[in-house]
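Notes follow the structure.
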Amino acid sequence: STWDFSRSPRTRHQLQVMDKRGDKLKWNGWGYEDTEFKLNEDGVLVLSGSRYAISGQPLPHFRPWIEAKIGLDVTLERPPQPWESFVVPPAANVDGFLARLSGTRASQDARARVHHAHGHTCQEIYELRHGGLPRLPDVVVWPETHEAVEALVAAAVECDVVLVPFGGGTSVANALSVPPCERRPVAVVNMQRMHAVKWVDQDALTACVEAGAVGLDLASALGAFGVTLGHEPDSFEFSTLGGWIATRASGMQRSLYGNIEDLVVSVRLVTPQGTLERHCMAPRVSMGPDALALALGSEGMLGIVTEAVVRVRPLPPARSYGALIFRDFESGVRALRAIARLRAAPASIRLVDNNQFQMGQALKPA
């Protein structure tokens, strides 16, 4: 059976989470403004906020571990520069470009420009906290339909404006940084308003999803219909389907579900020459080369992905978690090799060293 949700407000509501999430994110670091490690009155570290399972609970083992193992003195502070001290250069005039975008939200607000000017490399975060970014985009736009993206790209070609597609902003490859030598106006295209599940086909086990759907929200929406994509990168809480495709992403459950290139059946890609899409939704066709495969890992250089048809699977009837402790790291490597040869790997399996294991244990609440 197939559910077509293209006109369903309920499905759009299920994914309508990221529209205002940018207002809650730290402007100069990873995660939310209300979430950070703090010392309570007893000198014990606590994760503030209420978003996570350990939020608000004392972590009595964490401070002793990081002080002994890392040599970090948690009482020392080096406050980052306040927002008021961050230098935001004036934006270029893009009135001609914006005049061609009827109905598409756009902003040249300073915070919006800074938020969309970077990913999350250590260098970028350091520059935000203690310096400045060498170049900012001049405007941020939020299209809501495929047709709006087509109009955006056409206007950019006509006005000689650089477009930078933006999903969750979790890039660690400097893909969102604007080169300081770029003299043309730069517009960031935030895809987070295109976040709908358009249809789910339970017989073919495929689903059509807009590119701005965030991983955590997408899993919840698909789960309501008894299926899962199974793709869970470390940035799952913030990154988007379009970002996974553009970065050729891998996930924690790739042993069972595969990487993103194994899950994508087709993409809809808006380019300066027009829209590329494949109308045959078969899982595989014996013809090629497949031009749309170039979108995988393209980092937005070839065009903007607006939606994709992806493979889904029925939700597992149960989930089980466990851990094994090996005598040494080399023994663990041999065990993983044996598991791989037997093709007996679970959905997710990871070998960690002793420091990683100890840190996980140190984060347990009292």
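For the range 339-356, the tally of residues that are over 28 Å from THR228 (Cβ atoms) and assigned to a helix (DSSP H, G or I) stands at 2. Of all residues in the range 247-269, how many are open to solvent by less than 20 Å² (accessible area, probe 1.4 Å) and in a helix (DSSP H, G or I)? Of the residues in the range 247-269, 2 are open to solvent by less than 20 Å² (accessible area, probe 1.4 Å) and in a helix (DSSP H, G or I). For the range 201-229, the candidate set comprises residues that are more than 16 Å from VAL264 (Cβ to Cβ) and over 16 Å from the mean Cα position of the chain (by Cα); within that set, the residue that is most open to solvent (accessible area, probe 1.4 Å) is ASP203.
Restricting the range 243-286 to residues that are hydroxyl-bearing (Ser, Thr, Tyr) and farther than 30 Å from ALA155 by Cα, which is farthest from the chain's Cα centre (by Cα)? Among those that are hydroxyl-bearing (Ser, Thr, Tyr) and farther than 30 Å from ALA155 by Cα, it is SER286.
Only a single criterion out of (1) open to solvent by 60 Å² or more (accessible area, probe 1.4 Å); (2) farther than 30 Å from HIS115 by Cβ; (3) touching a residue at least 12 places away in the same chain (Cβ under 8 Å) is not satisfied by PRO60, namely (1). The residues on offer are ARG21, ARG10, ARG63, and the sole one that is at pLDDT 95 or above and either farther than 29 Å from MET191 by Cα or of a type in the set (D, E, K, R) (or both) is ARG63. Any idea how many residues of the range 82-109 are under 22 Å from GLU33 (Cβ atoms), hydrophobic (A, V, I, L, M, F, W, C), out of contact with any Phe, Trp or Tyr (no Cβ under 7 Å at 6 or more places or on another chain) and surrounded by fewer than 17 Cβ atoms within 10 Å (Cβ to Cβ)? Counting residues in the range 82-109 that are under 22 Å from GLU33 (Cβ atoms), hydrophobic (A, V, I, L, M, F, W, C), out of contact with any Phe, Trp or Tyr (no Cβ under 7 Å at 6 or more places or on another chain) and surrounded by fewer than 17 Cβ atoms within 10 Å (Cβ to Cβ) gives 2. For the range 171-182, the criterion of a residue being closer than 23 Å to SER298 by Cα and hydroxyl-bearing (Ser, Thr, Tyr) is satisfied by at least one position. If the condition is being touching a residue at least 24 places away in the same chain (Cβ under 8 Å) and more than 19 Å from LEU241 (Cβ to Cβ), then the range 172-202 contributes ASN174, SER177, VAL178, PRO179, PRO180, GLU182, ARG184, PRO185, VAL186, ALA187, GLN202. Filtered by the rule that a residue be closer than 16 Å to GLU261 by Cα and not polar (S, T, N, Q), the range 289-306 gives PRO289, ASP290, ALA291, LEU292, ALA293, LEU294, ALA295, LEU296, GLY297, GLU299, GLY300, VAL305. For the range 149-172, how many residues meet the condition of being open to solvent by 30 Å² or more (accessible area, probe 1.4 Å) and in a helix (DSSP H, G or I)? Qualifying residue count, the range 149-172: 6.
When the range 293-310 is filtered for residues that are open to solvent by 70 Å² or more (accessible area, probe 1.4 Å) and not in a loop (DSSP other than H, G, I, E, B), only LEU294 remains. Kindly indicate the residue of the range 173-209 that is in a loop (DSSP other than H, G, I, E, B) and under 19 Å from ARG284 (Cα atoms) and also modelled with the highest pLDDT among those meeting that condition. Filtering the range 173-209 for residues that are in a loop (DSSP other than H, G, I, E, B) and under 19 Å from ARG284 (Cα atoms), the one modelled with the highest pLDDT comes out as LEU205.
Residue count for the range 233-253 satisfying the condition of being touching a residue at least 60 places away in the same chain (Cβ under 8 Å) and of a type in the set (D, E, K, R): 0.
Residues that are within 21 Å of LEU302 (Cα to Cα) and open to solvent by 20 Å² or more (accessible area, probe 1.4 Å) do occur in the range 230-243, at least one of them.
Scanning the range 275-292 turns up one or more residues that are touching a residue at least 40 places away in the same chain (Cβ under 8 Å) and open to solvent by less than 50 Å² (accessible area, probe 1.4 Å). Across the range 312-338, the qualifying residues are those that are farther than 30 Å from PHE225 by Cβ and either touching a residue at least 60 places away in the same chain (Cβ under 8 Å) or small (Gly, Ala, Ser) (or both), and the one among them that is surrounded by the fewest Cβ atoms within 10 Å (Cβ to Cβ) is ALA323. When VAL309, VAL285 are checked against the criterion of being aliphatic (A, V, I, L, M) and closer than 23 Å to LEU218 by Cα, VAL309 stands alone in meeting it.
Of all the residues in the range 347-362, those that are touching a residue at least 60 places away in the same chain (Cβ under 8 Å) and loosely packed, with under 13 Cβ neighbours inside 10 Å number 3.
The values are calculated or read from the model by the stated rules, or taken from the named source; none is laboratory data. Keep in mind the model is a prediction, meaning the values are calculated, not measured. Please note: Cβ atoms are built from the backbone with ideal geometry, for glycine as well, and neighbour counts cover all protein chains shown. To get the accessible areas, we keep the full protein, side chains included, count just its heavy atoms, and leave off ligands, DNA and RNA. Shrake-Rupley method; radii C 1.70, N 1.55, O 1.52, S 1.80 Å.
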